[in-house]
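The values are calculated or read from the model by the stated rules, or taken from the named source; none is laboratory data. If you're wondering where the values come from, they're calculated on a predicted model, not measured in any experiment. Cβ atoms come from the backbone with ideal geometry, glycine included; neighbour counts cover every protein chain shown.
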Amino acid sequence: MKPAPFDYAVAGDLSDVTSQLAQAAGDTKPVAGNQSLGPMMNLRLARPGRLIDITSLAPLRAVEDTPDFVRLGAAITHAEIEDGEVADPTSGWLRAAAAGIAYRAVRNRGTLGGSLCHADPAADWVIVMTGLCATALVAGPEGERRLALEDFITGPFKTALHAGEILTAVEVPRPGAGARWGYWKFAPQVGEFAKASATVLIDEARGRLRCAIGALGRRPLILDSAQSLIDGSLAPAEALRAALPDRASESLALHAAALQRALDLALETETPPG
Amino acid sequence: MTHAPADSPPKRGVGARLARREDDRYLRGRGRFIADIRLPGMLDMAFVRSPHAHARLLSVTKPEGAGEQVFTAADLTGVSGIRADSGLPGFRSSVQPILAVDKVRHVGEPLAVCLAETRAAAEDLAELVEAEFEELPAVHDMLRARDPQMPLLHEHWDENVFLETAVDTGFDQAAAKAAVTVKRSLRTARQCMAPIEGRGVVAVWDRNLEQLTVHSATQMPHIVRTGLAGCLGLDHGQVRVVAPDVGGGFGYKGILLAEEVCAGWLAMKLDRPVRWIEDRREHLTVGANCREHAYEITAYAAADGELLAIDCEAIVDSGAYSSYPFSACLEAAQVASILPGPYRMQGYRCRTWSVATNKPPILPFRGVARTGVCFALELILDAVARELKMAPEAIRRRNLVTPEEMPFSNITKKDFDSGDYPEALRRAVEAIDVAGFRERQQREQSGRKRLGLGLSIFCEQGAHGTSVYHGWGIPMVPGFEQATARLTPDGGLELRVGVQSHGQSLETTLAQIAYEETGIDPAKVKLVHGDTAYTPYSTGTWGSRCIVMAGGAVAAASATLAGRIKTIAGHLLQADPESVVLADGEARAGGSAVSIEEVARTWYLKPQLLPDDVDPRGLEATEGYKTVKDTGTFSYACHAVTVSVDLDLGHIELLDYVIVEDAGTMINPMVVDGQVLGGAAQGIGTALYEEMPFDSAGQPLASTLADYHLPVAADIPAIRILHMETPSPLSRFGQKGIGESGAIGPPAAIANAVNDALAPLGIEVTEVPLTPERVLRAIHAGDVKEAQA
């Protein structure tokens, strides 16, 4: 199928985009890599009257490297992260996650911000950025605001963005000395979305312990029992059964396996230098 | 056999690993496929399709001012629907409308066609067409299609069954002797064929010839021509079908589509070129459905593993209509005739039902029914082996037809022509190292990843002809296959065949065969195929028949041509034509030689030099060919696979994969390998990934390749192919049809390996594809059973 007719404009600056989006009341959509919206438009499942291309907006392309965090513009592509063309505060965790997204053709065009705004529950950045305690930077007609990733993603394919707002950047905190990380996903075929995924962050220096589960068909689940999971006093299957009492046993077993493998990876990872 | 003996291996003829002649254009992206054809003034077509699986169609309303841009069934005067009846007794006939009339019977059935300068604009127009429906309950489950409460798809029928068949050969007597009886319910999913290129058609009316030229991505151009002429009410002389480069067919591209008929009618009506290029959504949800079988199968065996009898009830979900030309009952009728596989047995009973459901028509896909049949038989055999505590290789060895019994007429009167089935098994067992694997399996038996080994063995009837097909009474019965061989004035060779090459490498292999007879370098051979205007009538490329039938025909025509070349050459060389030998582009006699080019120039341009007794039919010959007996060549193969099953994820990893394959004499071993590997990849898709589910309203649930999972390069292990080469006594060079073989064995071998891995847990899988979800469900159902026990 071919998309329904639509207009296309390249954004001039950020305020231009937010004011246009606010006025257009849903008929205008910002577009970056177009790897999710494009296929839906081709199937005529999405039919925006107008696209605003935001891929070359300066703040969305900027990278800020500070001692506490790296701020990645929303229009940075997966491939740029994978190839190390932008700073990775985690000394390689982001690069490894980026390299596992879909396949290279998608990574060449798909963007960090686009993936988060699409908010597919099984997407890599949705779970990875949640797991890393990242922050979403949002700009809109009312100004700018900051949201923890777990507050930015509100449901399957849902975000906290209001009309006229766009995601401009993501701040990824720099892990402290001795921090450990595990990201494991189950995608039986190359290029597929994950059937199960989990992250484990053990960053004692910065006081961050987090176990998160993705690919649940909802927003990522952050388990409040991270400490017990990490020290081994609580089994993943028990933690998940308590958190998701309505799930079928084979589904729970699958996600528990993902969490166990993320834990194993975290506990065997090398401490990142610096 | 005329090809060189083994001590001087031929370099260009039969048996040569000649690089494919078609690769130069394909690898450089210079193929010309249907969507590459652009004609001046051409319009794009888009179809308005039914959103309902089963509904009365109350009205279709065109948008205002649409004029000659939108057409419905009411406009199609003089056009008949597609009808493909089987002559088998009790067959219920269906007519597939070109555009829906009164009723729709599956989602995606075309209601109207729209034309515009671009496909996008045609789709815009299609959105403006309004249709009113009265919805009816959908028949979505083949197991319930025969329930009297179910609505009838075709209301003049008395049940939703195209055809019911029954065969019983000594069943009761044989079964009564059994020491063990093992029964299973087994199932294969509905699939899509998914060639890289979908269907497509460009139709144009030729005013000079008063002829409709239909460029179509088809593998059977002559059959499409016959079908089109019938539906459009035209003489054959008014229809020409041309297949350009075709990007894979697998059976789908043998079928006459309503969209093709529509394009033909529009080109005549508007006197303008029109085209329809199927998109992937149409392909998945409407066009290319295949494979859906269910088996209730029972094996009766003696205590030593001798297979005494098989009893089976098989249901094939045939979808809504009988497709032209193979009909709605090809699959199920094949099930009944080939289920006994390569084994001896004393008794056999099989009932089949080709049921009608509110889904797209089921079409023959590479392997046709054999993939499902092999799955059913090989799984039940392993179940018997487990029951008797026998090794899977031992129970097969006990029952395989032996080389001493060849030629062998089996319990369904299939005539196996030649081969050594036990040797194929022995080599596979050795290559996969069963003994070593069993030790490793024992060592690793307690982990969360379990190892398993699976076997499947089968034979593939190919190139079967008149005597087999006339009994089925479908609209098409293959007879003599013809080919034309024509020398050009510069000594080149033109071959014309009615089959169509779309991955079979016929441009290479038929040139190799012609070289055997004429000594003309394959580089100087041009294959003309796929165009009804230039080639002899043929049923086309299907049923693993080309290398046997078109190969035999090319050999026959080339041999006749060679005789005529020798007559002229003998005269030019002052030698007895009988003593002339053709080799390396020359005609040689005694110590002297003349080039074939010179012979050609003499016939065409210097006739004053011709002998008095020259054959006036010249340097062009058409010959027809049939095998010695037309019951088919039987290639065969043994697949052996080892897997690891992750008990937490349900994930199956293929560790090693061996195929022992006997294609008879190989015309080009590289091409045989390519056919086997490509087929095996598709078989792995059937085993692990591919599934076209429908919900209870008959809605297709995998409408894009994000939902319909195909195997990709990373999923295919490094498959090791070992060849045996038992010549067929029936074919010209001993070659056997091999085109479908690779796709037949994997689901059975892989499922058997998974069951081997899960056997210690008392768990068995019975349904493909073995998706992680399905495997996990089986594992957890097993856990529940264990917990309750």
Of everything in segment B:661-684, what is away from chain A (no Cβ under 14 Å) and surrounded by fewer than 21 Cβ atoms within 10 Å (Cβ to Cβ)? Give them in sequence order. B:THR665, B:PRO669, B:MET670, B:ASP673, B:GLY674, B:LEU677, B:GLY678
Please go through segment A:90-115 and give me each residue that is assigned to a helix (DSSP H, G or I) and not hydrophobic (A, V, I, L, M, F, W, C), ordered by number. A:ARG95, A:ARG104, A:ARG107, A:ASN108, A:ARG109, A:GLY113, A:GLY114, A:SER115
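Of the residues A:VAL63, A:VAL10, A:VAL17, which single one is in contact (Cβ under 8 Å) with a residue 60 or more places away in the chain and out of contact with any Phe, Trp or Tyr (no Cβ under 6 Å at 6 or more places or on another chain)? Show your work before the answer.
Values: A:VAL63 fails: in contact (Cβ under 8 Å) with a residue 60 or more places away in the chain; A:VAL10 fails: in contact (Cβ under 8 Å) with a residue 60 or more places away in the chain.
Result of the check over A:VAL63, A:VAL10, A:VAL17: A:VAL17.
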Quick test of your reading of the structure: B:GLU773 fulfils all but one of (1) in contact with a Gly (Cβ under 7 Å, 6 or more places away or on another chain); (2) buried (at least 20 other Cβ atoms within 10 Å of the Cβ); (3) of a type outside the set (Lys, Arg); (4) within 14 Å of chain A (Cβ to nearest Cβ). Name the failing condition by number. (2)
Quick count over segment B:105-148, residues being of a type in the set (A, V, I, L, M) and part of a strand (DSSP E or B), is 6
Within segment B:117-139, does at least one residue satisfy the condition of being away from chain A (no Cβ under 14 Å), surrounded by 15 or more Cβ atoms within 10 Å (Cβ to Cβ), more than 29 Å from B:ARG351 (Cβ to Cβ) and not aromatic (Phe, Trp, Tyr)? yes
It is to be established whether one or more residues within segment B:689-701 are within 14 Å of chain A (Cβ to nearest Cβ), more than 27 Å from B:LEU339 (Cβ to Cβ) and either in contact with a helix residue (DSSP H, G or I) (Cβ under 6 Å, 6 or more places away or on another chain) or in contact (Cβ under 8 Å) with a residue 60 or more places away in the chain (or both). yes
Quick one: which residue in B:ALA131, B:ALA145 is among the small types (Gly, Ala, Ser) and more than 30 Å from B:GLY65 (Cβ to Cβ)? B:ALA145
Index of the failed condition, A:LEU240 passing every other in (1) surrounded by 16 or more Cβ atoms within 10 Å (Cβ to Cβ); (2) out of contact with any helix residue (DSSP H, G or I) (no Cβ under 7 Å at 6 or more places or on another chain); (3) within 21 Å of B:VAL775 (Cβ to Cβ): (2)
What pairs come out if I take residues in segment B:249-260 that are over 9 Å from B:TRP542 (Cβ atoms) and pair them with residues that are in a helix (DSSP H, G or I) and at pLDDT below 95 whose C-beta lies under 8 Å away, six or more apart or interchain? B:TYR252/B:GLY287; B:LEU257/B:GLY287
Being of a type outside the set (Gly, Ala, Ser) and at pLDDT below 80 is the filter; apply it to segment B:1-30 and report the residue that is nearest to B:SER731 (Cα to Cα). B:MET1
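Restricting attention to segment B:643-660, and to residues there that are within 14 Å of chain A (Cβ to nearest Cβ) and part of a strand (DSSP E or B), which single residue is farthest from B:LYS449 (Cα to Cα)?
Here is the first cut: in segment B:643-660, the ones within 14 Å of chain A (Cβ to nearest Cβ) are B:643-654.
Next, only the ones that are part of a strand (DSSP E or B) stay: B:643-646, B:652-654.
On the way: B:VAL643: 10, B:SER644: 6, B:VAL645: 5, B:ASP646: 4, B:ILE652: 9, B:GLU653: 10, B:LEU654: 12 Å.
Once the filter is applied, the top-ranked residue is B:LEU654.
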Given (1) in contact (Cβ under 8 Å) with a residue 60 or more places away in the chain; (2) within 14 Å of chain A (Cβ to nearest Cβ); (3) over 21 Å from B:ASN289 (Cβ atoms); (4) of a type outside the set (A, V, I, L, M, F, W, C), index of the condition B:HIS780 fails: (1)
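Just to be sure, is B:ALA263 surrounded by fewer than 21 Cβ atoms within 10 Å (Cβ to Cβ) and assigned to a helix (DSSP H, G or I)? Break it down into steps so the answer makes sense when it comes.
Details: surrounded by fewer than 21 Cβ atoms within 10 Å (Cβ to Cβ): no; assigned to a helix (DSSP H, G or I): yes.
The answer is no for B:ALA263.
Listed here are the residues, each with its yes/no results for (1) assigned to a helix (DSSP H, G or I); (2) in contact with a Lys or Arg (Cβ under 9 Å, 6 or more places away or on another chain); (3) closer than 23 Å to B:ALA748 by Cβ; (4) more than 14 Å from chain A (Cβ to nearest Cβ).
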residue: B:LYS269; (1), (2), (3), (4): yes, no, no, yes
residue: B:HIS283; (1), (2), (3), (4): yes, yes, no, no
residue: B:ILE315; (1), (2), (3), (4): no, yes, yes, yes
residue: B:PRO325; (1), (2), (3), (4): no, no, no, yes
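Kindly evaluate A:ALA99 against the criterion of being closer than 22 Å to A:ARG219 by Cβ, in contact with a helix residue (DSSP H, G or I) (Cβ under 8 Å, 6 or more places away or on another chain) and aliphatic (A, V, I, L, M).
Criteria not met by A:ALA99.
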